[in-house]
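Below is one structure, written out as structure tokens; comments come after it.
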Amino acid sequence: MNVIEATLELEDGSTLSYEEWGKSTDRPVVLLNPANVAPGPLRKLAEKLSADFFVELVPLPGDKRGGDWTTAALDKAGAPALVVGYGQSCRAAFVSTRLRTVKALAVIDASLPHPTTDTPGVSTLIIRGRQAERFTHEAAVSLMNRLPYSRLYELEDCADDPATEAPDALETTIRWFMDHLPEDGPVEFPEANPGD
């Protein structure tokens, strides 16, 4: 699958180059690449997902306008999308649910959202490496308990960088999540024990 380089434009005229894979008629996934993460592993994830999804890989600048770029990417995707936040881009993923219609969220190695304003009303999958030190199990469980319609999934034999350390498991987890979303409304996950 070939990658297409495209440009997002904000109302103020600023532009950001991004990449897209897949057919625009497939279910959209907006994959956010924070400024502090090398894009290579996320490009590989985008390429694999593009067999079944239309994937936009949006590199977010570190200038606190991640929510603006994310909403521009959602507008370009043209349909309610799964927004995948990675590390520091998770905050932009949470903010996007206040600004546009989002199908669901997946947050990987999450930076914690603001406790009172970033509560998405959509199905949210929280993904971390079981051996991660930055985003601890306790922090992940606390986030899951704070967000309705959320579930925690911990990748085995993985620490702080799931896209590099467990790329196949990460892809499988995101696919499972997308394949189990209802057409309308969030998933009402059954009660789970912490760490399930």
Exercise. Would you mind checking the tilt of helix 40-49 against the longest principal axis of the Cα atoms of the chain, expressed as 0 to 90 degrees and rounded to 10?
Key: 90
Quiz item: When Lys and Arg each count +1 and Asp and Glu each count -1, what net charge do the other residues less than 14 Å away from Gly13, Cβ to Cβ, add up to?
Solution: -3
Quiz item: Could you list, bin by bin from short to long, the percent of Cα-Cα pairs of the stretch 118-181 in 10 Å steps?
Solution: 22, 50, 28, 0
Self-check item: Distance in nm between pseudo-label sites at Arg134 and Asp26 (7 Å out along the Cβ direction from Cα)
Solution: 2.7
Quiz item: Cβ under 11 Å from Ile108's Cβ, Ile108 left aside: what net charge do those residues give with Lys, Arg +1 and Asp, Glu -1?
Solution: -2
Quiz item: Measuring with a 1.4 Å probe in the full set of protein chains, what accessible area per residue, in whole Å², belongs to the stretch 1-159?
Solution: 45
Quiz prompt | Pairwise label distance in nanometres, Asp75 with Asp179, each label 7 Å out on the Cα-Cβ vector | solution = 3.5
Exercise. Give me the angle, in degrees from 0 to 90, between the Cα long axis of helix 137-146 and the longest principal axis of the Cα atoms of the chain, rounded to the nearest 10.
Key: 80
Quiz item: Tally Lys/Arg at +1 and Asp/Glu at -1 over every other residue whose Cβ is under 14 Å from the Cβ of Asp160; what's the total?
Solution: -3
Quiz item: Measuring from label point to label point, each 7 Å out along Cα→Cβ, what is the Glu11 to Asp52 span in nm?
Solution: 3.7
Quiz prompt | Listed peptides 39-45, 120-126, 62-68 by packing density, highest first (mean Cβ within 10 Å) | solution = 120-126, 39-45, 62-68
Quiz item: Once you charge only the Cβ atoms, +1 for Lys and Arg and -1 for Asp and Glu, what is the size of the charge dipole of the chain about its Cα centre, to the nearest 20 debye?
Solution: 300
Quiz item: Tell me, what % of the accessible area of the stretch 46-133 is carbon and sulfur with a 1.4 angstrom probe?
Solution: 49
Quiz item: What's the longest piece of the chain with no exposed GluC sites (Glu not before Pro), counting a site as exposed if DSSP puts it in a loop and it has at most 13 other beta carbons within 10 Å?
Solution: 12-132
Exercise. Note down, for the chain, the three equivalent ellipsoid semi-axes (square root of 5 times each alpha carbon gyration tensor eigenvalue), biggest first, whole angstrom.
Key: 24, 18, 17
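The values are calculated or read from the model by the stated rules, or taken from the named source; none is laboratory data. Note that the structure is a prediction, hence the values are computed from the model and not measured. Note: ideal-geometry Cβ built from the backbone for every residue, glycine included; neighbour counts use all protein chains shown. Ligands, DNA and RNA are stripped out before the accessible areas are found, and what is left, the full protein with its side chains, is counted by its heavy atoms. Shrake-Rupley method; radii C 1.70, N 1.55, O 1.52, S 1.80 Å.
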